[in-house]
1. Report every pair of residues separated by at least 6 positions or lying on different chains whose Cβ atoms are under 9 Å apart, first residue within region 123-149 and under 24 Å from residue 190 (Cα atoms) and more than 16 Å from ligand 2 (Cβ to nearest atom), second open to solvent by 10 Å² or more (accessible area, probe 1.4 Å) and β-branched (Val, Ile, Thr).
2. Residue check: is residue 347 open to solvent by 20 Å² or more (accessible area, probe 1.4 Å) and either under 30 Å from residue 166 (Cβ atoms) or in contact with a Gly (Cβ under 8 Å, 6 or more places away or on another chain) (or both)?
3. Restricting attention to region 5-28, report how many residues are outside any helix (DSSP H, G or I), closer than 26 Å to residue 238 by Cβ and either open to solvent by less than 30 Å² (accessible area, probe 1.4 Å) or basic (Lys, Arg) (or both).
4. Pick out the one residue from 348, 339, 368 that is over 30 Å from residue 185 (Cα atoms) and in contact with a helix residue (DSSP H, G or I) (Cβ under 8 Å, 6 or more places away or on another chain).
5. Among what's in region 350-382 and is more than 13 Å from residue 262 (Cα to Cα) and acidic (Asp, Glu), pick the residue that is least open to solvent (accessible area, probe 1.4 Å).
6. For a quick check of your reading: which strands (runs of 3 or more DSSP E) sit entirely within region 126-240 and have at least 3 residues that are under 18 Å from the mean Cα position of the chain (by Cα) and among the hydrophobic types (A, V, I, L, M, F, W, C)?
7. Go through region 247-263 and count every residue that is open to solvent by less than 10 Å² (accessible area, probe 1.4 Å) and either outside any helix (DSSP H, G or I) or over 11 Å from residue 148 (Cβ atoms) (or both).
8. Is there any pair linking a residue in region 61-84 that is closer than 25 Å to residue 158 by Cβ to one that is open to solvent by 50 Å² or more (accessible area, probe 1.4 Å) and within 16 Å of ligand 2 (Cβ to nearest atom), with Cβ under 9 Å and at least six apart or on different chains, and which?
Amino acid sequence: MVNRIVLNETSYHGAGAIKEIATEAAKRGFKKAFVCSDPDLVKFGVTKKVTDVLDEAKLAYEVYSEIKPNPTIENVQTGVAAFKKAEADYLIAIGGGSSMDTAKAIGIIINNPEFEDVRSLEGVADTKKPSVPIIAVPTTAGTAAEVTINYVITDVEKKRKFVCVDPHDIPVIAVIDPEMMSSMPKGLTAATGMDALTHAIEGYITKAAWEMTDMFHLKAIELISDNLRGAVENTAEGREGMAMGQYIAGMGFSNVGLGIVHSMAHALGAVYDTPHGVANAILLPTVMEYNADATGDKYKYIAKAMGVEGVEDMSQEEYRKAAVDAVKKLSSDVGIPSDLKEIVKEEDLQFLAESAYADACAPGNPKDASVEDIIKLYQSLL
Ligand SMILES: NC(=O)c1ccc[n+]([C@@H]2O[C@H](COP(=O)([O-])OP(=O)(O)OC[C@H]3O[C@@H](n4cnc5c(N)ncnc54)[C@H](O)[C@@H]3O)[C@@H](O)[C@H]2O)c1
Ligand SMILES: [Fe+2]
């Protein structure tokens, strides 16, 4: 059995890390950056924290911010045209998963123009060349898109989000600076943090999991469970712990895959534009219950990593329940709703379930879920 691990070439971690962008850009001889960010981050001065570093170092750049949350094919295609016009030679992605994923798709298409329709990148795309070099700077502590080999694009016409998996898209450099995350409001911190927890748990129990990714995922579960409440209160320690926890989860899941929490969340994102983290957080405990009997003793270690006491003396049934309860408790402590009543319409269930069933994350689920199973899972939350 051969396992593969793909990670960034270089990553920086810690408060003030964004200063390293100037050093790296100069050292690598980059000439002009195409900065991908979103309109709110530009408005709230988050993007500026990085462009100030570029200004100070007299490095050329152009900002592209036509990126919406759950980014679309159109966002990518407009970005590709703008990149060409800018005559840039590298990308700096500043934002959450939406900005980073758009940057990845732009970087891939610039160097592999045969995929300019974007849709053909779905799944494992056979690109021949690495993306234009990307420096990724996350401003949420959630997706870990800065270290993953995936990106997710929304097909508005077909009402679906599709996942693209391609080692050629991994950012060369990731800069994880918790100060870039400190402006996140409570709700966004909670939702994106629960996305990170979902990565860690789904990555830990996914079919392809192995020792090295288990190590990343368990550490990530521990860090997220210890720090998400603090991050929601905007403590420096909480922000630092979440920045690290979400990145470590990415080091794992990017290399082994996820499961149907993500498949079901992608369907909600495409149909209702539900924020990705909120969708995952609501679905996670229910899907954990469904998956429990296909996870051996793994929930024991999830419960332990989440700080549950007395796990060693528990029966299998007890520790499985304890793990799910710990997730529910964290989710409710940070203010995530516990059901989909406000989001899902009964008449959409068949479409949502079929769409989740066809999603690239579904085959990784520890248990093979049918369309009917998925309908029941959604229904149990209505
Ligand atoms: N590439 C991957 O491996 C991967 C993994 C999981 C999810 N995703 C995708 O990432 C997207 C979600 O990304 P996200 O959850 O990071 O959110 P996002 O990028 O969609 O951003 C959501 C909102 O938060 C705002 N925001 C971001 N950072 C902020 C900050 N520091 N202060 C104030 N506001 C801030 C943005 O302006 C935006 O309005 C989805 O499309 C999802 O499918 C990708
Ligand atoms: Fe996610």
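The values are calculated or read from the model by the stated rules, or taken from the named source; none is laboratory data. Everything quoted here is computed from the prediction, not taken from an experiment. Cβ sites come from the backbone with ideal geometry, for glycine too, and all protein chains shown count toward neighbours. The accessibility values were calculated without ligands, DNA or RNA, using every heavy atom of the protein model including side chains. Shrake-Rupley method; radii C 1.70, N 1.55, O 1.52, S 1.80 Å.
1. Listed pairs, sorted by first residue: 137/18.
2. no
3. Selection size over region 5-28: 3.
4. Exactly one of 348, 339, 368 is over 30 Å from residue 185 (Cα atoms) and in contact with a helix residue (DSSP H, G or I) (Cβ under 8 Å, 6 or more places away or on another chain), namely 348.
5. 373
6. 134-138, 160-165, 173-176
7. Qualifying residue count for the region: 5.
8. From residues that are closer than 25 Å to residue 158 by Cβ, the pairs are 68/273; 69/273; 69/275; 70/273; 70/275.
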